[in-house]
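Undergrad: Before I ask anything, here is the structure I am working with.
The values are calculated or read from the model by the stated rules, or taken from the named source; none is laboratory data. All values reported here derive from a predicted model rather than from experimental measurement. Cβ coordinates were reconstructed from backbone atoms using ideal geometry, including for glycine residues, and neighbour counts include every protein chain displayed.
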Amino acid sequence: MSSLKKEITLIGGIGQMSTTLLGTGLFMVPAIAASLAGQQMLWAWWFLLATVCPIAITFALLGKRYPNAGGASYFVRHAFGERWEKAIALLFLSVIPVGVPAAIAIAGGFAQQFLPDSLSSPILAQLLTVALLMVVNLSGSKASSRFQTMIAIGILVLVGVFAWKGEVTVGDALPHSSPFNDMGAIGQAIAVMFWCFVGIEAFAHMGEEFKRPERDYPVAIIVGCLVAGAVYYLFSTVVLKHHAYGSAELNVASVPYLTDLLFGAKANWIIGVVGFLACFATINLYTQSLSRMVWALAREYRPQSSIAKVSVFGVPVRATLMVGATLACSCVFGVLSGVDIEVFLTLANGIFVVIYLFAMWSAVRLLTGAARNLAMISMLLCLLVFVSIGLAMIYALAVLALIWMCVPKFKIQPEA
């Protein structure tokens, strides 16, 4: 068997998209953004959603026209050729040792709260998370999408309960003053908050596995982004109303702080479980996306290799195990080296923005009419974000340049 199963439904796709965007961001970004912009953070969310919507719609249009496990690199191939396809594909794979292990470390931190003492060390918690990732991924995309849909529902309920217990009113959810006097602070908040919408490019790899990609894939992206945006906005109003921000320590612990305040200390275990599941949902889709990227490259350039084969469940087993082994090694290295998680996240963020930029540039070349105009706006927005990320931009460009020089110029090998 050499093709992926078309098992993802519209509801499953929305669940995967929304949980991927919520993930780690829900537990730290609103508090960090509030520290930067205060009440003006609400305006920052409006501006960010206005920025993300064109990008999400452009990804949706590309995925509808080119549903493929190669994701953004497949779009780039049609726009710029095979060498650029391989460069962007390898750039995406370069996230494996930096971006995903950082998210696994955060998930492992939540897991340590409810694991028995014998398994609660950072290394063991992270390796157990990787093992669970392998179990879920090897079960097939249908089981994975159902699992993430359940997580999405759990997060929605939790944030709704926070808003209810926090007595959030319509007045709390509306900006209180004009944004034009604080555009600098709002811009700083947006630069941090963009992390919340990193994940659209990963979801692009799942288009080939939708039952009806032409109809359901674009809707899943757009609705998933809107659901995630609404959850972030609602939770941000809770953070602002109860002042769960301000210092570095409180920003990281804003959710436990609110839990103690609104529910009491006995409810902290719930936050540990939901926090782990939310982080796991993001990591799960990235693991799926990365394994499908490896599989897609093998299918195009080495179709006779074992990596290009899939199981009876429609899963690229060898590619998935390769990604899992790399993640496990990277997690061990991260713990032993003591490198700050924030450094890994920053470097990964630069790579993601470059991938977004190339995807939007591809859309400018591939789409026509109003869709092309939207793609041009999206590309400009990505350029603005790219310039704002500072040193991460230099790292991403250096990695891309190195990959470009090392990419072999071999031809596609047809299947026998």
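Undergrad: Given the options LEU285, LEU261, name the one that is part of a helix (DSSP H, G or I) and surrounded by fewer than 21 Cβ atoms within 10 Å (Cβ to Cβ). Give the derivation first.
TA: On the way: LEU285 fails: surrounded by fewer than 21 Cβ atoms within 10 Å (Cβ to Cβ).
Sole residue among the options that is part of a helix (DSSP H, G or I) and surrounded by fewer than 21 Cβ atoms within 10 Å (Cβ to Cβ): LEU261.
Undergrad: Can you tell me which residue is nearest to the chain's Cα centre (by Cα) among those in segment 235-258 that are farther than 18 Å from TRP43 by Cβ and outside any helix (DSSP H, G or I)? Give the derivation first.
TA: First, the residues of segment 235-258 that are farther than 18 Å from TRP43 by Cβ: 242-244, 246-258.
Going one step further and asking which of them are outside any helix (DSSP H, G or I), we end up with 242-244, 246-247, 253.
On the way: HIS242: 28, HIS243: 27, ALA244: 25, GLY246: 26, SER247: 26, ALA253: 21 Å.
Selected residue: ALA253.
Undergrad: Mind listing whichever residues of segment 357-370 are among the aliphatic types (A, V, I, L, M) and surrounded by fewer than 17 Cβ atoms within 10 Å (Cβ to Cβ)?
TA: Here is the first cut: in segment 357-370, the residues among the aliphatic types (A, V, I, L, M) are 357, 359-360, 363-364, 366-367, 370.
Of everything in segment 357-370, just one residue is among the aliphatic types (A, V, I, L, M) and surrounded by fewer than 17 Cβ atoms within 10 Å (Cβ to Cβ), namely ALA370.
Undergrad: From (1) over 17 Å from the mean Cα position of the chain (by Cα); (2) surrounded by 19 or more Cβ atoms within 10 Å (Cβ to Cβ); (3) closer than 17 Å to MET193 by Cβ; (4) not aliphatic (A, V, I, L, M), pick out the condition that doesn't hold for TYR232.
TA: Of everything listed in (1) over 17 Å from the mean Cα position of the chain (by Cα); (2) surrounded by 19 or more Cβ atoms within 10 Å (Cβ to Cβ); (3) closer than 17 Å to MET193 by Cβ; (4) not aliphatic (A, V, I, L, M), TYR232 misses just condition (1).
Undergrad: How many residues does segment 384-416 hold that are of a type in the set (A, V, I, L, M), at pLDDT 80 or above and loosely packed, with under 15 Cβ neighbours inside 10 Å? Reasoning before the result, please.
TA: Filtering segment 384-416 for residues of a type in the set (A, V, I, L, M) gives 384-385, 387, 389, 391-394, 396-403, 405, 407, 412, 416.
Checking the rest, the ones that are also at pLDDT 80 or above come to 384, 393-394, 396-403, 405.
From what is left, the residues that are loosely packed, with under 15 Cβ neighbours inside 10 Å are 384, 394, 397-398, 401-402, 405.
Total satisfying the criteria: 7.
Undergrad: Being hydroxyl-bearing (Ser, Thr, Tyr) and either buried (at least 23 other Cβ atoms within 10 Å of the Cβ) or touching a His at 6+ places or on another chain (Cβ under 9 Å) (or both) is the filter; apply it to segment 43-95 and report the residue that is nearest to TYR395 (Cα to Cα). Before you say what the answer is, go through the steps one by one.
TA: Going residue by residue through segment 43-95, those that are hydroxyl-bearing (Ser, Thr, Tyr) are 51, 58, 66, 73-74, 94.
Among the residues that remain, those that are also either buried (at least 23 other Cβ atoms within 10 Å of the Cβ) or touching a His at 6+ places or on another chain (Cβ under 9 Å) (or both) are: 58, 66, 73-74.
On the way: THR58: 26, TYR66: 30, SER73: 20, TYR74: 23 Å.
My answer is SER73.
Undergrad: Let me ask something else. Going through segment 100-134 one residue at a time, which ones are modelled with pLDDT under 80 and of a type in the set (Val, Ile, Thr)?
TA: Correct list: VAL100, ILE106.
Undergrad: Of all the residues that make up segment 89-106, how many are of a type outside the set (A, V, I, L, M, F, W, C) and assigned to a loop (DSSP other than H, G, I, E, B)? Talk me through it step by step, then tell me what you get.
TA: Here is the first cut: in segment 89-106, the residues of a type outside the set (A, V, I, L, M, F, W, C) are 94, 97, 99, 101.
Pick out the ones that are also assigned to a loop (DSSP other than H, G, I, E, B) and you get 94, 97.
Count: 2.
Undergrad: Which residues, taken from segment 226-244, are touching a Phe, Trp or Tyr at 6+ places or on another chain (Cβ under 9 Å) and either over 27 Å from GLY15 (Cα atoms) or hydroxyl-bearing (Ser, Thr, Tyr) (or both)? So that I can check it myself, show each step before the final result.
TA: Initially, segment 226-244 is screened for residues touching a Phe, Trp or Tyr at 6+ places or on another chain (Cβ under 9 Å), giving 228-229, 232-236, 238-239, 242, 244.
TYR232, TYR233, SER236, HIS242, ALA244, listed by residue number.
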